[in-house]
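Here the structure comes first, spelled out in structure tokens, and everything after it is commentary.
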Number of protein chains: 2
Amino acid sequence: MAGQVQRQTGVALWRQIADRIRQAISAGAYDETGMVPPEMTLATQFGVNRHTVRSALAALAQEGIVRAVQGRGTLIERKERLNFPISKRTRFNSGIGEQARETRGLLLGHGEEAASDEVARWLKLAPGTKVIRLETVRKADGRPVSSATSWFPAARFAGMRDAYETTESITRAFAELGLSDYIRATTEITAAHAEAADLSALELTPGAIVLITKAMNTDLDGVPVQYSVTRFAADRVQFTIEN
Amino acid sequence: MAGQVQRQTGVALWRQIADRIRQAISAGAYDETGMVPPEMTLATQFGVNRHTVRSALAALAQEGIVRAVQGRGTLIERKERLNFPISKRTRFNSGIGEQARETRGLLLGHGEEAASDEVARWLKLAPGTKVIRLETVRKADGRPVSSATSWFPAARFAGMRDAYETTESITRAFAELGLSDYIRATTEITAAHAEAADLSALELTPGAIVLITKAMNTDLDGVPVQYSVTRFAADRVQFTIEN
DNA sequence: TATGGTTGTCTATATCAATAGACATTTAAA
DNA sequence: TTTAAATGTCTATTGATATAGACAACCATA
């Protein structure tokens, strides 16, 4: 964890330090002791006052990542970072595999609407064609990992909402509707600061980073079946592309 | 640009607003006028004081993204976002294609060293095997886009440093050393806040986001020839994965 | 039980971030 | 030339951020 923090940048020192410690925990530093270094050690490392480090640790405690115990130290409670393989066979649940004990997909909202220009372009439909929109949040071991808005051609996947709500999985919902297999055709990845909607949906703290994917799935004949914009909590995931 | 800014989060309002406006510019809002809305309009939109908006715009002006003209408004100077296709044939220069007039690859540092555990694992070498390390910064139209640290098996690519310095391109350097073609085998993508080294290498402002890729290239026989850790300025790039 | 190392709490002070208001300066258009 | 709209500059005030120091409370261990 070399490198000093930046002053007078509009980002408070305690937040920069919290981000760095969160990252270090996630990368497996401190695994030997299961504890964060003492506050005074961190303060010296970062070149700040001990109280500033305490603010950072308080924020991490608020997130449930660490827990301070008077007289002993600050214990690490959680450190996972899920890996998402991206390939022709990209799927959320099987991709996570054994990295989490339990995964859930929650339906936050839905609707049937006319395809916007963007959605129509990705799904290769005429603008204005009816599409079904699902707003979902996916969780691993109860912790939100991503929030997604997905669009499906309404004519072909009329029962998508019910199927998803029952199965909590896009793959299984497709199967119920007669599509046994599909292919990830395109994935675009960008990053941005979390917006207000992300903070609540993904249980993030402001200033956090979200990884944004725009993805299109096709059936085996190459016909688009789904377009999704998904927002991931960047400190909980990484993507792996295997060619 | 809906959604309010967050208070008391360790991220100053002016920085949140600067990030949002930068994003909006990059997304093509304001394209009709070529100008950012008036300060008072933005202040109302974000629910803050005009002076706070001015701080945000001053930061963007410092980055060269906007330029304020008294009496007229705040003009947009720059809005590009380069797209990087990631596939078996991922290459920096040809991937950028016609998105920039001129690309350069600058060698910042280099060395020959024993492979660390991580490097050895990716290059499938015994730990401690000699590898060549190159520190490079790649620019498009004079603007830094990414900084990379790359490792190559020293036994096979002894002249890598000279070849890169001459050609300013990994692909062309490989060609000079007798490797006419190679394949992108694996790419891992994560995101983080910019560190001190990023700020200077990529000419970023603190609080900015970097997209980090860890990539491994092989020759046509599947033998690893390069492992790279590359840090991209997130507001200047997006990745596209075509399967 | 005594000690060293750790987190918890309190006071005080200086600087940064944000708001508020007033007015100057510049530009474009009426 | 006048006016409206926009950015530029200044003063003042409040709250958040960061530093500094002192000491209390707690834990593990010698």
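The values are calculated or read from the model by the stated rules, or taken from the named source; none is laboratory data. Keep in mind the model is a prediction, meaning the values are calculated, not measured. With ideal geometry, Cβ positions are generated from the backbone for all residues, glycine too; neighbour counts draw on all protein chains shown. We work out accessible area using only protein heavy atoms, side chains counted, and drop any ligands, DNA or RNA first. Shrake-Rupley method; radii C 1.70, N 1.55, O 1.52, S 1.80 Å.
A few comments on the model shown:
- Placing unit charges on the Cβ atoms of the charged side chains and taking the dipole of chain B about its Cα centre, the candidate lying farthest along the positive direction among B:VAL137, B:ALA120, B:ALA175 is B:VAL137.
- Relative to the dominant Cα principal axis of chain A, helix A:13-26 is inclined by about 70°.
- Note on chain B: GNM, Cα springs under 10 Å; of B:VAL210, B:VAL11, B:VAL225, the largest mean-square fluctuation is that of B:VAL11.
- Cα-centred dipole magnitude for the stretch B:166-243, charges only on beta-carbon of K, R (+1) and D, E (-1), debye, nearest 20: 120
- Listed residue (B:ALA197, B:TRP151, B:VAL48) projecting farthest to the positive dipole end of the protein assembly as shown, Cβ model: B:VAL48
- Three-way shape label, chain A, alpha-carbon gyration tensor, a/c 1.5: prolate
- Residues whose amide H comes within less than 5 Å of that of A:ALA185, counting only those at least five positions distant or on another chain, are A:MET216, A:ASN217, A:THR218 (H built at 1.01 Å from N in the peptide plane).
- The eigenvalues of the Cα gyration tensor, multiplied by 5 and square-rooted, give the stretch A:123-243 an equivalent ellipsoid with semi-axes of 26, 16, 14 Å from largest to smallest.
- When the charge dipole of the stretch B:199-243 is built from unit charges on Cβ atoms (+1 for Lys and Arg, -1 for Asp and Glu) and taken about the Cα centre, the candidate among B:GLN238, B:GLY222, B:LEU211 whose Cα reaches farthest toward its positive end is B:LEU211.
- A:MET40 - accessible surface, heavy atoms, 1.4 Å probe, Å² rounded to 10: 110
- Summing both sides, the accessible surface hidden between B and A at a 1.4 Å probe radius is close to 3300 Å².
- Residues considered: A:GLN226, A:GLN70, A:GLN16. Largest GNM mean-square fluctuation over chain A, using C-alpha springs under 10 Å, is found at A:GLN70.
- Closest approach of a chain B Cβ to the axis relating B and A (residue, whole Å): B:ALA191, 2.
- Sorted shortest first, the distances from the B:ARG172 label point to those of the same residue in the other copies are 5.5 nm; each point sits 7 Å from Cα along Cα-to-Cβ.
- Inter-copy label distances for B:GLY64: 4.5 nm (label point placed 7 Å from Cα along Cα→Cβ; shortest first).
- Computed magnitude of the charge dipole of the protein assembly as shown (debye, nearest 20; Cβ of K, R +1, Cβ of D, E -1): 700
- Couplings for the stretch A:51-63, taken from phi via the Karplus curve 6.51 cos²θ - 1.76 cosθ + 1.60 with θ = phi - 60°, read 4, 5, 4, 4, 4, 5, 5, 4, 5, 5, 5, 4, 7 Hz in order; Gly and Pro are left as x.
- Here the Gaussian network model covers chain A, with springs between Cα atoms less than 10 Å apart; of A:ASN217, A:ASN83, A:ASN49, A:ASN49 fluctuates the most.
- Legend: distances between Cα atoms for A:LYS139/B:LYS214; A:LYS139/B:LYS124; A:LYS130/A:LYS214; A:LYS88/B:LYS139; A:LYS124/B:LYS88; A:LYS88/B:LYS88; pairs beyond 23 Å are A:LYS139/B:LYS214; A:LYS139/B:LYS124; A:LYS88/B:LYS139; A:LYS124/B:LYS88.
- Database remark: amide H of A:ALA192 closer than 5 angstrom to the amide H of A:VAL210, A:ILE212 (H placed geometrically; neighbours at sequence offset of 5 or more, or on other chains; Pro and chain starts carry no H).
- Label spacing, shortest first and in nm, from B:PRO38 to its equivalents in the remaining copies (7 angstrom along Cα→Cβ): 6.0
- A simple rule links phi to the HN-Hα coupling: the Karplus curve 6.51 cos²θ - 1.76 cosθ + 1.60 with θ = phi - 60°, which for the stretch B:223-233 gives 8, x, 10, 7, 10, 10, 10, 10, 10, 9, 5 Hz, with x for Gly and Pro.
- A simple charge model with +1 on the Cβ of Lys and Arg, -1 on the Cβ of Asp and Glu and nothing else charged puts the dipole of the stretch A:82-241 at about 280 debye relative to its Cα centre.
- Summarising the label geometry, the points placed 7 Å from Cα in the beta-carbon direction at B:MET35 and B:THR129 lie 6.1 nm from one another.
- The distance separating the Cα centre of the stretch B:133-185 from that of the stretch A:141-189 comes to 41 Å.
- Remark: the stretch A:122-132, residue by residue, has Karplus-estimated 3J(HN,Hα) of 5, 8, 6, 10, 6, x, x, 4, 5, 9, 9 Hz, where x stands for each Gly or Pro and the curve is 6.51 cos²θ - 1.76 cosθ + 1.60 at θ = phi - 60°.
- Residues whose amide H comes within less than 5 Å of that of A:THR240, counting only those at least five positions distant or on another chain, are A:PHE84, A:ILE86, B:ILE189 (H built at 1.01 Å from N in the peptide plane).
- More than 30 Å apart - percent of Cα-Cα pairs taken over the protein assembly as shown: 52
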